[in-house]
Amino acid sequence: MSMAVAERENDAGDDTGELTDGFHLVIDALRLNGINTIYGVPGIPVTDLGRLAQARGMRVISFRHEQHAGYAASIAGYLTQTPGVCLTVSAPGFLNGLTALANATTNCFPMILISGSSEREIVDLQKGDYEEMDQLAIAKPLCKAAYRILHAEDIGLGVARAIRAAVTGRPGGVYLDLPASLLGQVMDAVKGEQSLIKVVDPAPAHLPSEAALNRALDTLKAAKKPLIILGKGAAYAQADDTIREFVEKSGIPYLPMSMAKGLLPDDHPQSAGAARSLALKEADTVMLIGARLNWLLSHGKGKAWGTAPKRFVQIDIDAREMDSNVPIDAPLVGDIASTVAALNARMSGDWEKAPSDWMDQIAAKRDANVAKMAPKLMNNAVPMDFHGALGQVKRVIRENPDTIFVNEGANTLDFARAIVDMYKPRKRLDVGTWGVMGIGMGFSVAAAVETGHPVLAVVGDSAFGFSGMEVETACRYNLPVCIVVFNNNGIYRGTDVNPTGGPDVAPTVFVKDSRYDQMMTAFGGVGVHATSTDELYRAMSEAIASRKPTLINAAIDEAAGTESGRIGNLNPQSVVGKKK
Ligand code: ADP
Ligand code: TPW
Ligand code: MG
């Protein structure tokens with residue numbers, strides 16, 4: 001109990017023993033549920049919440065902008081299956097955090113955005129409070145659930161509901177609104193403690209029916225060219241051994257979506273990663289495990305999927321995901337850990353593996369593609385091109401497979417996803433379902449805080465700019481984060497010109513040859529300007545070994561990239577007034 005609280009109570013002549021208040025109840029409710037870290041930005045009315053949380057032994061990681069604290073919380077949720085918590089001030093702070101909350105919901109990451117707010121009496125009559133805003137109403141359409149707590153005795157309930165909503169079923173973002181006066185509300189400490197709820201079984205196991213399991217296995221049995229697609233839901237499920245057992249027992253080639261890379265090692269004999277086009281086109285049966293048939297999989301139809309008819313099996317915790325783009329022949333609505341274990345149990349020792357000629361066909365294509373790529377990855381051109389630089393990144397991850405690899409940008413993302421092999425689950429974190437720029441530093445800080453492993457963030461120079469100020473955060477907490485900025489002088493390329501010949505540069509171009517490494521030395525970290533593949537390799541290796549916050553400015557040929565990386569086809573084109 002704080003002195004201020006005790007005095008206030010004494011003034012009121014109340015002497016019924018120990019007291020607690022809203023601040024302490026929020027902190028105790030989080031801790032009771034195993035949440036020991038808060039990511040946020042302090043200010044009215046939550047400054048003391050952060051201070052008291054730290055005093056009670058929680059880790060409180062302050063950022064320079066709420067969006068990055070929010071991204072940090074969301075990826076902490078993804079890595080741990082426990083909702084990450086982001087704490088913000090009212091209105092502008094809340095809005096800054098909201099992008100991350102919406103992104104968490106879109107990506108199925110469990111997170112709770114806790115924001116201070118103004119009193120209902122003022123907001124609802126629009127009397128014009130300091131940072132006044134109807135935050136609950138604004139958050140609602142952007143998250144799974146939104147709650148407001150008005151009474152201290154409801155804090156335990158509110159926190160419990162928020163935790164359950166974030167992790168149960170399809171995980172996502174939850175908003176928790178804490179008006180300023182709630183935090184100061186005082187109540188009897190014993191009653192307060194009794195009001196807290198430890199959530200029992202927050203994400204209950206969910207098994208599909210016997211009929212659904214048999215239907216799925218029959219569908220797979222009938223396939224001549226089956227393919228498994230593993231998505232980030234499969235990585236989130238932390239059923240790594242169970243999934244591996246299923247893939248190996250079935251003998252089916254698999255394709256990892258970006259963040260599922262490493263769930264099985266990318267050099268696994270059944271990996272179809274380097275034969276993606278062939279696998280999608282030729283497969284006759286596709287089994288999705290924790291992956292949606294959204295734009296990242298061309299909605300399950302069209303050119304990428306070839307002309308042969310396909311049957312689909314899909315495991316997802318959300319029943320409404322079925323038939324979202326194409327008919328699903330064998331839906332398995334359940335959690336991945338239980339569902340895949342149930343499939344394994346039904347595949348007896350004499351289970352017939354997928355036809356070997358299909359796996360051989362994929363392996364041949366994969367090995368040919370890998371061989372074709374190999375010399376490009378060893379090129380030492382100066383300035384570096386994407387292949388030469390990423391050849392070194394690939395080498396560093398192979399030599400340090402526990403490193404968490406954070407990746408954003410356009411070319412920097414698309415080339416790295418294809419080139420850099422991952423060997424362990426949940427080691428690749430990237431722009432996810434929206435392809436959002438700006439996750440880099442938030443994800444890097446949280447990955448280091450949550451796992452203790454070194455982080456290697458390979459980010460485009462534009463991507464980096466969205467969260468660049470957080471290098472100070474990495475330095476302040478002395479985190480083992482190595483940022484490699486792929487500096488090609490701009491968005492996609494640095495070569496665009498202003499067609500009018502006017503003084504403004506083209507909208508995609510930045511200051512040429514910027515020295516991003518100096519941003520790191522400004523805060524006491526290690527800055528390196530790398531112009532060759534050799535310098536780049538040495539700097540990354542040293543950073544991982546030393547665990548010192550490091551920023552390597554990697555000078556990349558400004559003409560090497562392409563518009564929007566590999567998704568240039570999504571750009572609408574103006575046909576009017578274009579010069580031939
Ligand atoms: P990717 O982008 O890697 O293809 P998506 O984010 O599109 O992956 O899909 C993840 C899917 O996984 C979502 O549809 C989500 O409902 C599902 N999911 C998340 N966790 C689980 C789980 N534990 N069990 C079953 N499905 C899950
Ligand atoms: C929040 C649009 C997609 S990719 C990109 C932008 C601005 C930057 C690409 O340049 P970068 O990479 O990072 O230098 P490279 O290697 O190709 O040069 N705002 C948000 N999200 C997205 N996706 C954009 C804008 C975009
Ligand atoms: Mg760039």
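Details
- Residue match in the stretch 201-220 (condition: under 26 Å from the mean Cα position of the chain (by Cα), more than 16 Å from ligand 3 (Cβ to nearest atom) and of a type in the set (Lys, Arg)): no
- Residue 516 falls short on exactly one of the conditions (1) over 20 Å from residue 396 (Cα atoms); (2) open to solvent by less than 20 Å² (accessible area, probe 1.4 Å); (3) within 16 Å of ligand 2 (Cβ to nearest atom); (4) in contact with a helix residue (DSSP H, G or I) (Cβ under 7 Å, 6 or more places away or on another chain), and that condition is (2).
- Among the residues of the stretch 113-157, the ones that are on the phi < 0 side of the Ramachandran plot and touching a residue at least 60 places away in the same chain (Cβ under 8 Å) come to 11 in all.
- Criterion applied to 437, 441, 469 was being touching a residue at least 24 places away in the same chain (Cβ under 8 Å), touching a Lys or Arg at 6+ places or on another chain (Cβ under 8 Å) and either within 16 Å of ligand 1 (Cβ to nearest atom) or assigned by TED's automatic domain parsing to the domain that holds residue 385 (or both), and the one residue passing it is 469.
- Residues satisfying the stated conditions in the stretch 413-429, i.e. under 16 Å from residue 77 (Cα atoms), open to solvent by 10 Å² or more (accessible area, probe 1.4 Å) and touching a helix residue (DSSP H, G or I) at 6+ places or on another chain (Cβ under 6 Å): 425, 426
Residues are listed down the side, and each one gets a yes or a no for (1) assigned to a helix (DSSP H, G or I); (2) more than 16 Å from ligand 2 (Cβ to nearest atom); (3) open to solvent by less than 50 Å² (accessible area, probe 1.4 Å):
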site	(1), (2), (3)
339	yes, yes, yes
344	yes, yes, yes
348	no, yes, no
363	yes, yes, yes
376	yes, yes, no
379	no, yes, yes
397	yes, yes, yes
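- Within the option set 304, 272, 308, being in contact (Cβ under 8 Å) with a residue 24 or more places away in the chain and buried (at least 21 other Cβ atoms within 10 Å of the Cβ) holds for one residue only, 272.
- Filter result (open to solvent by 10 Å² or more (accessible area, probe 1.4 Å) and of a type in the set (Phe, Trp, Tyr)) within the stretch 454-488: 466, 477
- Considering the stretch 439-453, and only residues there that are surrounded by fewer than 24 Cβ atoms within 10 Å (Cβ to Cβ) and not aliphatic (A, V, I, L, M), the residue that is nearest to residue 62 (Cα to Cα) turns out to be 450.
- Filter pass, residue 457 being more than 16 Å from the chain's Cα centre (by Cα) and within 16 Å of ligand 3 (Cβ to nearest atom): no
- So residue 509, is it within 11 Å of ligand 2 (Cβ to nearest atom), at pLDDT 95 or above, assigned by TED's automatic domain parsing to the domain that holds residue 447 and surrounded by fewer than 21 Cβ atoms within 10 Å (Cβ to Cβ): yes
- Some residue of the stretch 553-562 being open to solvent by less than 30 Å² (accessible area, probe 1.4 Å), outside any strand (DSSP E or B) and farther than 22 Å from residue 417 by Cβ: no
The values are calculated or read from the model by the stated rules, or taken from the named source; none is laboratory data. These numbers were taken from a predicted model, which means no experiment stands behind them. Neighbour counts are summed over all protein chains in view; Cβ atoms, including those assigned to glycine, are modelled from backbone coordinates with ideal geometry. Protein only, heavy atoms only, side chains kept; ligands, DNA and RNA dropped before computing areas. Shrake-Rupley method; radii C 1.70, N 1.55, O 1.52, S 1.80 Å.
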